[in-house]
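Reviewing the structure listed below.
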Amino acid sequence: MRPFVFDVAEVPGVTNEDMLAGASGAEELFELLGRDLVTRTLVQTDRLCVYHETAKPGERVKPHRHGTYQVNYVLRGELRFGSQHVTAGMGYFSPDALYSWTAGDEGAEWIEIHSGLGGIYTDRSGG
C-alpha cells in the first residue's frame, strides 16, 4: 500500500439501500441500520478503516457493534448517543461495545474510524 491523497467530494457515496440491495439478510440490516445512511469509504484495510458518513435529520441506527475499536468524529450537525449529544468538533469512542445513535435536527456528517475490518453484531462484546 502506498500513501495517497483524497478529496471526499470525489469519493462516491453509497446508501445502505444501494450497498445491501439483494443481499441475504438485507431487510434485517435495514431495520437495524436504516436505508439512507450515506458512506464514503476513504481507507479500508484489515488494520484500519476510515469512512465519511452523512445522515439525514432524525435518522437513527439501533444498538450494534463492529468487532473493532471505533471513533466517530463529528464534522457537522449532531449525533445523539443516548443522552450524550456529540456536535461538530466532538467525538465518540466505542471499544467494541453496543452503541446506537440518532442524527440531530440538521442531520450529521462525521468521520468514522475502525481499528480494522469490522462486521455488524447485535450481541455484547466478548471483551
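Structure above, values below:
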quantity: Selected from Glu53, Glu112, Glu31 as most flexible by GNM, with the chain as the system and alpha-carbon contacts under 10 Å; calculated: Glu31
quantity: Karplus-derived 3J(HN,Hα), 6.51/-1.76/1.60, for each residue of region 34-40, Hz, glycine and proline x; calculated: x, 10, 9, 3, 9, 10, 10
quantity: For Leu98, residues with placed amide H under 5 Å, excluding near neighbours; calculated: Ser125
quantity: Estimated inter-spin distance, Asp18 and Arg35, nm [label 7 Å along Cα→Cβ]; calculated: 1.5
quantity: For the chain: accessible area per residue (Å², 1.4 Å); calculated: 59
quantity: GNM result for the chain, Cα springs below 10 Å: residue of Thr45, Thr102, Thr68 fluctuating most strongly; calculated: Thr45
quantity: Arg76 long-range amide H proximity, modeled H, under 5 Å; calculated: Glu109
quantity: Label-reachable residues, region 15-30, where backbone N falls under 18 Å from a point 7 Å from Arg76's Cα toward its Cβ; calculated: 15
quantity: Percent carbon-and-sulfur accessible area, region 1-102, ignoring ligands, DNA and RNA, probe 1.4 Å; calculated: 54
quantity: Table column - 3J(HN,Hα) (Hz), region 23-33, Karplus curve with 6.51, -1.76, 1.60, x for Gly and Pro; calculated: 6, 5, x, 4, 4, 5, 5, 4, 5, 7, 10
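The values are calculated or read from the model by the stated rules, or taken from the named source; none is laboratory data. In this text the structure is predicted, and so the values were computed from the model without any measurement. With ideal geometry, Cβ positions are generated from the backbone for all residues, glycine too; neighbour counts draw on all protein chains shown. Just so you know, the surface numbers come from the protein's heavy atoms only, side chains and all, with ligands and any DNA or RNA stripped out. Shrake-Rupley method; radii C 1.70, N 1.55, O 1.52, S 1.80 Å.
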